[in-house]
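**Student:** My structure is below; once you've seen it, I'll send some questions.
The values are calculated or read from the model by the stated rules, or taken from the named source; none is laboratory data. Keep in mind that what you see is a predicted model, and the values were worked out from it rather than measured. All Cβ positions, even for glycine, are placed from backbone atoms using ideal geometry, and neighbour counts span all protein chains on display. Accessible surface is based on the protein model in full, side chains and every heavy atom, while ligands, DNA and RNA are left aside. Shrake-Rupley method; radii C 1.70, N 1.55, O 1.52, S 1.80 Å.
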Amino acid sequence: INAEYGDYGNAGKPIQLYTNFYEVTHKPSMKIYQYELTLEVSEKLLKSNKSLAVDIFNRMVSDYREEYFSGIYPVFDGGRTMYTNKKIESIDKTTNLSVNFQSDQLKMGAISIQIRPTKSVIDFQDIEKVYRNETKDLPYNIFSCADIILGFMPKMSYVSYGRNYFPRGQTVSDLGNGIQLWSGSVMAVKPGQWKLLVNIDEKHTAFYKEQSLKDFITSLFPNMNKPQQLLKPFEVKKLNDHLKGLRVQVTHNGHARRHRVVGVKDDPANKHYMTDNKTGEKMTIVQYFKAVVSTQSTGITGMQESPSNCILTSMKLHINHQ
């Protein structure tokens, strides 16, 4: 509130004002340097696990702190862009680094990372010129850069989805049908009348609960006798409405691979055929899973008792049993 007009009087009832806008302090002469990063990791794997690229990036910064990042605080957008508060003098051309990294999706091994300097420099003098009325052109690159910088640390301790951040381990509300309500916040940097401001709002978003597909089907159809029985046409339609576009994780083969669901098949798994990659033998889906169950502990049961539907996943239409 601008108080330059002097006394507003003291009549009426005093109230407390709350704000969800906070000042972003920065040096007027601050410059941010932009670099392009390329990780030699499957793009499909990076898209299915948003935090994987950030984990690899943090390992790189830790391993090469003394050599390249001493006194420098790099941040990463999780894609291909790295920002630093200082120019990395020792990286004046495309530089290849290697880090040893292991995760649930990646076996221990060396990952190559390419860092390429760009000519892009975010100069905060550009926003100061706006506030001095020297120009009316807003430097939108400053806003997007500031969003990434301010959002980088929350990604380490919060579940992030775009600009949305949700506390880990929070008590969520069960909305039924395998859906939960998560509470968090959304953050965005915006230009104020005389300074940069960060706007933080409450955010409530519905997510699918992390659970087995069998348990999810049970939550959709609680009156079903067996979650692995053949679904009726209206059940297939309802399941399709929920599953299409979602990612599921296949665990029966010992490798936690994620696939995007294309749809649910009407006919049973004992009428779908596949070729075993190891033996070259052609068999039905039921026969394949019986063989898997007999050779390793998978937690898969009930295949022998009744036929069940198949889930089509990925653009290659891989068929996986529900």
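**Student:** Residues that are touching a residue at least 60 places away in the same chain (Cβ under 8 Å), at least 1 per element: which strands (runs of 3 or more DSSP E) completely within segment 91-178 meet that? It would help to see each step written out before you state the result.
**Tutor:** Working: elements: 95-101, 109-123, 158-161, 164-167, 173-176.
Output list reads 109-123, 158-161.
**Student:** Hey, another quick one. Of all residues in segment 24-40, count the ones that are part of a strand (DSSP E or B), more than 12 Å from residue 113 (Cα to Cα), open to solvent by 50 Å² or more (accessible area, probe 1.4 Å) and not hydroxyl-bearing (Ser, Thr, Tyr).
**Tutor:** 1
**Student:** Here are 73, 68: which of them is open to solvent by 40 Å² or more (accessible area, probe 1.4 Å), out of contact with any Pro (no Cβ under 8 Å at 6 or more places or on another chain) and assigned to a loop (DSSP other than H, G, I, E, B)? Can you show your working first?
**Tutor:** Details: 68 fails: open to solvent by 40 Å² or more (accessible area, probe 1.4 Å).
Answer to the check: 73.
**Student:** Now, a different point. Which of the residues spanning segment 41-50 are open to solvent by 50 Å² or more (accessible area, probe 1.4 Å) and either in contact (Cβ under 8 Å) with a residue 40 or more places away in the chain or over 16 Å from the mean Cα position of the chain (by Cα) (or both)?
**Tutor:** Step one: filter segment 41-50 for residues open to solvent by 50 Å² or more (accessible area, probe 1.4 Å), giving 42-44, 47, 50.
The one that is open to solvent by 50 Å² or more (accessible area, probe 1.4 Å) and either in contact (Cβ under 8 Å) with a residue 40 or more places away in the chain or over 16 Å from the mean Cα position of the chain (by Cα) (or both): 50.
**Student:** Kindly indicate whether residue 192 is out of contact with any strand residue (DSSP E or B) (no Cβ under 8 Å at 6 or more places or on another chain) and open to solvent by less than 40 Å² (accessible area, probe 1.4 Å).
**Tutor:** Against the criterion (out of contact with any strand residue (DSSP E or B) (no Cβ under 8 Å at 6 or more places or on another chain) and open to solvent by less than 40 Å² (accessible area, probe 1.4 Å)), residue 192 does not qualify.
**Student:** Would you mind telling me which numbered condition in (1) of a type outside the set (S, T, N, Q); (2) open to solvent by 40 Å² or more (accessible area, probe 1.4 Å); (3) under 22 Å from residue 249 (Cβ atoms); (4) under 20 Å from the mean Cα position of the chain (by Cα) residue 174 fails?
**Tutor:** All conditions pass for residue 174, except number (4).
**Student:** Just to check your reading of the model, which residue among 311, 300 is open to solvent by less than 70 Å² (accessible area, probe 1.4 Å), at pLDDT 80 or above and within 27 Å of residue 44 (Cβ to Cβ)?
**Tutor:** On the way: 300 fails: at pLDDT 80 or above.
Exactly one residue qualifies, and that residue is 311.
**Student:** A further question on this structure: Looking at 231, 239, can you tell me which residue is in contact with a helix residue (DSSP H, G or I) (Cβ under 8 Å, 6 or more places away or on another chain), in a helix (DSSP H, G or I) and either hydrophobic (A, V, I, L, M, F, W, C) or at pLDDT 90 or above (or both)? Please lay out each step first, then the result.
**Tutor:** On the way: 231 fails: in a helix (DSSP H, G or I).
After ruling out the rest, the residue left standing is 239.
**Student:** Still on this structure, please answer the following. Return yes when residue 161 is on the phi < 0 side of the Ramachandran plot, open to solvent by 40 Å² or more (accessible area, probe 1.4 Å) and modelled with pLDDT of 90 or more and no when it is not.
**Tutor:** Details: on the phi < 0 side of the Ramachandran plot: yes; open to solvent by 40 Å² or more (accessible area, probe 1.4 Å): yes; modelled with pLDDT of 90 or more: no.
It is false that residue 161 is on the phi < 0 side of the Ramachandran plot, open to solvent by 40 Å² or more (accessible area, probe 1.4 Å) and modelled with pLDDT of 90 or more.
**Student:** Oh, and also: Does residue 62 meet the test of being free of Cβ contacts under 8 Å to residues at least 60 places away in the same chain, in a strand (DSSP E or B) and either exposed (fewer than 10 other Cβ atoms within 10 Å of the Cβ) or small (Gly, Ala, Ser) (or both)?
**Tutor:** Values: free of Cβ contacts under 8 Å to residues at least 60 places away in the same chain: yes; in a strand (DSSP E or B): no; either exposed (fewer than 10 other Cβ atoms within 10 Å of the Cβ) or small (Gly, Ala, Ser) (or both): yes.
Against the criterion (free of Cβ contacts under 8 Å to residues at least 60 places away in the same chain, in a strand (DSSP E or B) and either exposed (fewer than 10 other Cβ atoms within 10 Å of the Cβ) or small (Gly, Ala, Ser) (or both)), residue 62 does not qualify.
**Student:** Across segment 245-276, what is the number of residues that are of a type in the set (Ser, Thr, Tyr) and at pLDDT 80 or above? If you could, list the steps in order and put the result at the bottom.
**Tutor:** Within segment 245-276, the first condition is being of a type in the set (Ser, Thr, Tyr), and the residues that meet it are 251, 273, 275.
Imposing the further condition that a residue be at pLDDT 80 or above reduces the set to 273, 275.
Going through segment 245-276 one residue at a time, the tally reaches 2.
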